[in-house]
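Worksheet for the structure shown next.
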Amino acid sequence: MPLYEHVMIARQDLSNTQAEGLIEHFGTVLADNGGKVVDSEYWGVKTMAYKINKNRKGHYAFLRTDAPAPAVQEMERLMRLHDDVMRVLTIKVDEHEEGPSVQMQKREERGDRRGRDR
């Protein structure tokens, strides 16, 4: 099955447990349609570069999935209809990276970026 990565931004006035509940909810939507969530990360509340629906901050979540295209389309459709979800980004990838995403790594662990000492 194809591999996908999803980033979701939920409204800032949700609690952490409600935001994590959204991740579980959309994971069950995938499972009902023949897919599975390989890994999920809750990134927490972050400040956005610009306002979306009068919100300056949002709950960010990241999902790595292994699902057929119709399952992903159904999950995206339900995400876009859900009142608490503000934005969704889905990317098809060749393979999932091992370990935590870049957002969850500490600066020292990233290592592959050049220094800013110029």
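At-a-glance table
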{"read-out": "Length-normalised contact order of the chain in % [C-alpha pairs under 8 Å, at least 6 apart]", "value": "38 percent"}
{"read-out": "Cα-projected label distance for V45 with V93, points at 7 Å along beta-carbon direction, nm", "value": "2.8 nm"}
{"read-out": "For W43, residues with placed amide H under 5 Å, excluding near neighbours", "value": "Y60, A61, F62"}
{"read-out": "Relative packing of 48-56, 74-82, which averages over residues the other C-beta atoms within 10 Å, highest first", "value": "74-82, 48-56"}
{"read-out": "Shape box of the chain [Cα atoms, principal axes, largest first, Å]", "value": "50, 36, 22"}
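Where a number appears in this text, it was derived from the coordinates with a stated rule and is not lab data. As the structure is a prediction and not an experimental result, all values here were calculated from the model. Glycine gets a Cβ as well: all are built from the backbone with ideal geometry, and neighbour counts include every protein chain shown.
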